2 protein chains.
Amino acid sequence: MNTSELVELAQQLRVDSVRASAAAGSGHPTSSMSAADLTAVLLANHLRYDFDRPAHPGNDRFVLSKGHASPLLYAAYKAAGAIEDGELLTFRKLGSRLEGHPTPRQVPWVETATGSLGQGLPIGVGIALAGKRLDRVGYRVWVLCGDSELAEGSVWEAAEHAAYEHLDNLTAIVDVNRLGQRGPTRHGHDLDAYARRFQAFGWHTVEVDGHDVDAVDRAYAEARSTAGQPTVILARTLKGKGVEAVQDREGLHGKPLPEPDEAVAELGGERDIRIHVHEPPAARVLHAVRAGHLDLPRWEKGEEVATRNAYGEALAALGTGRGDIVALDGEVGDSTRAEFFAKEHPERYFECYIAEQQMVAAAVGLAARGWVPYAATFAAFLTRAHDFVRMAAVSGAGINLVGSHAGVAIGQDGPSQMGLEDLAMMRAVHGSTVLYPCDANQTAQLVAAMAGLEGVRYLRTSRGDSPVIYGPDEEFPVGGSKVLRASDRDRLTVVAAGVTVHEALAAADALDRDGIQVRVVDLYSVKPVDRSTLRRAAEDTGCLLTVEDHREEGGIGDAVLDAFLDGRPVPRLVRLAVRRMPGSASPDQQLHTAGIDAASIAAAGKLLVEEAVVR
Amino acid sequence: MNTSELVELAQQLRVDSVRASAAAGSGHPTSSMSAADLTAVLLANHLRYDFDRPAHPGNDRFVLSKGHASPLLYAAYKAAGAIEDGELLTFRKLGSRLEGHPTPRQVPWVETATGSLGQGLPIGVGIALAGKRLDRVGYRVWVLCGDSELAEGSVWEAAEHAAYEHLDNLTAIVDVNRLGQRGPTRHGHDLDAYARRFQAFGWHTVEVDGHDVDAVDRAYAEARSTAGQPTVILARTLKGKGVEAVQDREGLHGKPLPEPDEAVAELGGERDIRIHVHEPPAARVLHAVRAGHLDLPRWEKGEEVATRNAYGEALAALGTGRGDIVALDGEVGDSTRAEFFAKEHPERYFECYIAEQQMVAAAVGLAARGWVPYAATFAAFLTRAHDFVRMAAVSGAGINLVGSHAGVAIGQDGPSQMGLEDLAMMRAVHGSTVLYPCDANQTAQLVAAMAGLEGVRYLRTSRGDSPVIYGPDEEFPVGGSKVLRASDRDRLTVVAAGVTVHEALAAADALDRDGIQVRVVDLYSVKPVDRSTLRRAAEDTGCLLTVEDHREEGGIGDAVLDAFLDGRPVPRLVRLAVRRMPGSASPDQQLHTAGIDAASIAAAGKLLVEEAVVR
């Protein structure tokens, strides 16, 4: 498109942003208007995208990191012929797929959900990584950012990652409209301030007037021709550009225009320009599952193996069997044992250094391109990426997260390194699966099973060795559990997972010597939980005791209660969990001090049974 | 100290780091040895600190951001005469206050818990902010960082914040030993790479040989004399410096030295140098509570007010009454209503822009200096700072966090903006308090009450208006609840909080018309929870129905169950919560679609009561 055509297209995007927001009675027209020229030039002259085939492997990928500018995105879809004007006007209404912030759950052209600022670029880096290192079909990734969101540290994790990996297929476009939500940004229109930062991180930078379509056109061309490093286009723009009443004014963030009809008139009225976006070149899907024979590692009963080791070995084997498996780690691969995968499959391993947000974001980006990522760090440090995990669920992204060094059982390192809140965090994620194995064979089976699930999958592993209690051919369906001890005289059920399974078994032995028969349930699937087994145990034994190496809130104790929330009477219940702030101590001392070791279970179990008799 | 004395002191710190780790059988001697010279020079020649009076308001503040180098810190305490050699050798043992990673819970010279990398500098910025803008007694803040942790985005949020606030009382010292946990860092010994980044963010930088004590001495002097901007000292060091067997070698992170006695000999043997650290100048505490009359805002019953508005007004009033209250916000003060405080008390308001990790870190730093911070953003975006909240609990920091825009009730903006996992996150934080008011007067009372609590306090506020149902003089003790409807014929108890209180009251009216009397409990204190009221309700009515604008995991439903976990039989229970992924819709449509509006409560309540009869 030539200059005048681009200007017209940009005005149409503004008009449609104003109209959509006016119809909704909410939304962010002013944040859309600042970026209209940037978007028009990209759409008309640079993006290669087949809207009829969003899964085309050669398609460029566009991420609207400033997700609140969704009216602009939807206006662009209309201009590209992907949606009609009638649908545009359903914006933000019940049942419309055109949500307030874009999500890919219903809109096939959206790569990832945005709306939590500072996430689009990190995830875009993940997509660009897939393009550069795995898919290799030449697509480019374009990420439109706001200036306000550059205050998020995650953006600089992404900047570091992208430059380090020489992602010249990635272009960040920053709509520097100088106004955040409640007022001016730190740097206003000082494009140099941003340029210095990106240059320091290894990016090529281009500063441009974001309302000069020819300059923007040249900037995109420069980005496309820059080799060896990612490019950021820093565009000076005005919020609300084109409508005098709102242009460059404070206090108008996130509000429909006061006089939309006048605004549309001032913008030159409605247009119905439809453009044909450049199609991508033919491309072959390279990342199809190259399913080979799955030869999982096997351990003999009685061996002493840490579940984190089993994770590493199983993942390496899974990677051998399936060509679509990729692994990421946050510079602790020697601890999580992700290094086992790295050694076997270096081409599919992504070292993310100590940047957990970026690690999870990269996983989301890789998953968006069809890869099956496993991202690992200490369970404690996955809390760093909580918002990215939350947004992954909004996207419906299929990612596997692995948190090692669960609980007080890690020992001397103390509470900063202990995953004690991770089960609560992961259970509350919409549609998540939460798995917590207690032995090596179980871990291996679950690692393999995770690959086939939907949504966010979480595996919790332990630092220390534990005995192998299951044979290598035992099966562990997700949503199931294992009854490890049972008799028809059981008076108590102990529900445990991970390290406490072994403590529970020892406690059951001790109680048995006191004449109290105990059922022991290994609740390796914390979510979904095995309701029928738990209900039967409650009916048979009357009392439940849960024991977990986790805070008392949100973990296994709460998961067990899910089995009794259909209005039925809930059994007598006691939970043992980590109630104090631990210090440093040996693993055994930690379990004892926290009151979750065999002796504590036995004492609490005995009390519960005796109280039941009294009543 | 002169050169040779500094060299000797540094060697002692190395020797003691080796000895402490050897005695513990774990720990990080090599990461301590790289920073020994940096620490010796600081301790002997630049730090102003009275170890006998850690609360001295004029004391400099030292933060060990690379918390795993705790042996070095404790060795420094010994050199300063604060601890004896015998205690040094209790490192990492059960009951010792010298934990694997330092925490201030028992050690008075530790400013903040570290061990989750990338947190020391952000919190140091908070302390420096207190020094620069509030305390104004001239203390300096020194933060010793590792090079690996510079990959964390939180470090760059801190860098941005510190430079923007011209914190020339802050010095970051980066121990660039080029080796992370599992191998080399991204930039190795390229000090320029780090210098470029810090310079771009507005810092003064000094590059130095970290083992040249004179050069280090000059660098600290330069930092102290630099005005108008923070300084970072980038020090080239060798991990394991001084012991040939481990020096600059991979694979030795976090491991005691293989031959500690030989290492000590190679380092010149044990020494017992005790130094007198420079004392701070006399300083007056300026941040004492200037308690004035507390004149909280008042609303009449029936007024329509959003609880977020009540938060803003109450906080402004609290700030007028108490001089130690400070407020922070993540560039959404017009939404959280923190702007009300900003207008009244601009000198105690800290705009953190869109950097939630830095906002919480700054709050932790301000709290460490005795201020009472309230930090607010959307509840959804507090997930961004989860790891900082977790570590605040390890520190025992007293901070108030406020999450606005709770739940699906926000309406059109969709799931990215909805706080739906925040209660689960905050309940699982050790020692936390979780409050969720439903009306303006209740909000105001709770905002004031929070200031006097220990640990992490969380308040959840709502976007939309809701009717005032309590009088302005009603009291709301933390740990309590309010029974809003009760009779001796109640057959069901509905437990609600926040927006669902109003839905529950409407549902109770509807059920009353059907001849079903319902008790309604307003559970404004989600943690601690009012066990006695819930137990009485269960005994009186037999059935409990919880309803919450939050995911079903970890929220109000789970909190209610805490009342029944002492082994007693649990009542019949049904919970209503947000089980689907919402899209865009009006607030009322959202509540209905999620199944947590009055109609849904009435339908579920009726079913529960009827089933109870059948059984």
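The values are calculated or read from the model by the stated rules, or taken from the named source; none is laboratory data. Note that this is a predicted model, so its numbers are computed, not measured. Backbone-built Cβ (ideal geometry, glycine too); neighbour counts: all protein chains shown. When the accessible area is computed, the model is the full protein with side chains, heavy atoms only, and any ligands, DNA or RNA have been set aside. Shrake-Rupley method; radii C 1.70, N 1.55, O 1.52, S 1.80 Å.
Go through the stretch B:14-30 and give me each residue that's within 13 Å of chain A (Cβ to nearest Cβ), buried (at least 24 other Cβ atoms within 10 Å of the Cβ) and among the hydroxyl-bearing types (S, T, Y).
Within the stretch B:14-30, just B:S21 meets the criteria.
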Over 26 Å from B:K255 (Cα atoms) and surrounded by 21 or more Cβ atoms within 10 Å (Cβ to Cβ), is that true of B:Y74? no
Looking at A:V394, A:V402, A:V408, A:V372, which one is open to solvent by less than 10 Å² (accessible area, probe 1.4 Å), within 16 Å of A:L328 (Cβ to Cβ) and either of a type outside the set (K, R) or modelled with pLDDT under 95 (or both)? A:V402
Here is a list of conditions, (1) open to solvent by less than 10 Å² (accessible area, probe 1.4 Å); (2) over 27 Å from A:G153 (Cβ atoms), and A:E331 meets all of them except one; can you say which number that is? (2)
Exactly one condition in (1) under 24 Å from A:G202 (Cα atoms); (2) in contact with an Asp or Glu (Cβ under 7 Å, 6 or more places away or on another chain); (3) not polar (S, T, N, Q) is false for B:H189; which is it? (2)
Reported set for the stretch A:601-611 where residues are open to solvent by 20 Å² or more (accessible area, probe 1.4 Å) and either in a loop (DSSP other than H, G, I, E, B) or in contact (Cβ under 8 Å) with a residue 60 or more places away in the chain (or both) is A:K606
Just a yes or no: is a residue in the stretch A:69-76 under 20 Å from A:K93 (Cα atoms), under 29 Å from the mean Cα position of the chain (by Cα) and not in a helix (DSSP H, G or I)? no
Residues in the stretch A:168-199 that are in contact with a His (Cβ under 8 Å, 6 or more places away or on another chain) and either in a loop (DSSP other than H, G, I, E, B) or more than 9 Å from chain B (Cβ to nearest Cβ) (or both) total 7
Listed by first then second residue, the pairs whose first member lies in the stretch B:539-561 and is open to solvent by 10 Å² or more (accessible area, probe 1.4 Å), whose partner is modelled with pLDDT of 95 or more and in a helix (DSSP H, G or I), with beta carbons under 6 Å and at least 6 positions apart or on separate chains, are B:E553/A:R427; B:E553/B:A424
Give the stretch B:294-328 a look and list any residue that's open to solvent by less than 10 Å² (accessible area, probe 1.4 Å) and assigned to a loop (DSSP other than H, G, I, E, B), or say none. B:G323, B:D324
Residue among A:E111, A:E165, A:E87, A:E152 that is surrounded by 24 or more Cβ atoms within 10 Å (Cβ to Cβ), out of contact with any strand residue (DSSP E or B) (no Cβ under 7 Å at 6 or more places or on another chain) and among the charged types (D, E, K, R): A:E152
Can you give me the number of residues within the stretch B:319-335 that are more than 8 Å from chain A (Cβ to nearest Cβ), farther than 20 Å from B:L453 by Cβ and without any contact (Cβ under 8 Å) to a residue 40 or more places away in the chain? 1
Matching residues in the stretch A:521-538 - criterion: being open to solvent by 10 Å² or more (accessible area, probe 1.4 Å), within 11 Å of chain B (Cβ to nearest Cβ) and under 20 Å from A:P437 (Cα atoms): A:K527, A:V529
I'd like to verify a number: residues in the stretch B:586-606 that are within 10 Å of another protein chain (Cβ to nearest Cβ), within 28 Å of A:A23 (Cα to Cα) and among the small types (G, A, S), how many? 1
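A quick yes/no check of all residues on (1) touching a residue at least 40 places away in the same chain (Cβ under 8 Å); (2) open to solvent by 10 Å² or more (accessible area, probe 1.4 Å); (3) within 11 Å of chain A (Cβ to nearest Cβ); (4) closer than 28 Å to B:G180 by Cβ:
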residue: B:A40; (1), (2), (3), (4): yes, no, no, yes
residue: B:A79; (1), (2), (3), (4): yes, no, no, yes
residue: B:K93; (1), (2), (3), (4): yes, yes, yes, yes
residue: B:G100; (1), (2), (3), (4): yes, no, yes, yes
residue: B:G120; (1), (2), (3), (4): yes, no, no, yes
residue: B:I123; (1), (2), (3), (4): yes, no, no, yes
Do we have A:D509 as open to solvent by less than 30 Å² (accessible area, probe 1.4 Å), out of contact with any Cys (no Cβ under 8 Å at 6 or more places or on another chain) and at pLDDT 95 or above here? no
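If you go through the stretch B:2-11, how many residues are open to solvent by less than 40 Å² (accessible area, probe 1.4 Å) and out of contact with any helix residue (DSSP H, G or I) (no Cβ under 6 Å at 6 or more places or on another chain)?
Number satisfying all stated conditions: 1.
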Would you check if B:D558 is in a helix (DSSP H, G or I) and under 16 Å from B:A496 (Cβ atoms)? yes
Could you please find all residues in the stretch B:577-615 being of a type in the set (K, R) and either out of contact with any strand residue (DSSP E or B) (no Cβ under 9 Å at 6 or more places or on another chain) or closer than 20 Å to A:R92 by Cα (or both)? B:R580
Could you please tell me which pairs satisfy a Cβ distance under 9 Å, a separation of 6+ or placement on different chains, a first residue in the stretch B:201-227 that is at pLDDT below 95, and a second residue that is surrounded by 19 or more Cβ atoms within 10 Å (Cβ to Cβ) and of a type in the set (K, R)? none
Counting only residues in the stretch B:566-585 that are touching a residue at least 40 places away in the same chain (Cβ under 8 Å) and at the interface with chain A (Cβ under 7 Å from one of its Cβ atoms), the one farthest from A:H68 (Cα to Cα) is identified as B:R572
Of all residues in the stretch A:562-592, which are within 21 Å of A:C438 (Cα to Cα) and either open to solvent by less than 30 Å² (accessible area, probe 1.4 Å) or not small (G, A, S) (or both)? A:R575, A:L576, A:A577, A:V578, A:P587, A:D588, A:Q589, A:Q590, A:L591, A:H592
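Would you mind stating whether A:A448 is touching a residue at least 40 places away in the same chain (Cβ under 8 Å), in contact with a helix residue (DSSP H, G or I) (Cβ under 8 Å, 6 or more places away or on another chain) and more than 21 Å from A:E356 (Cβ to Cβ)?
So A:A448 fits the description; yes.
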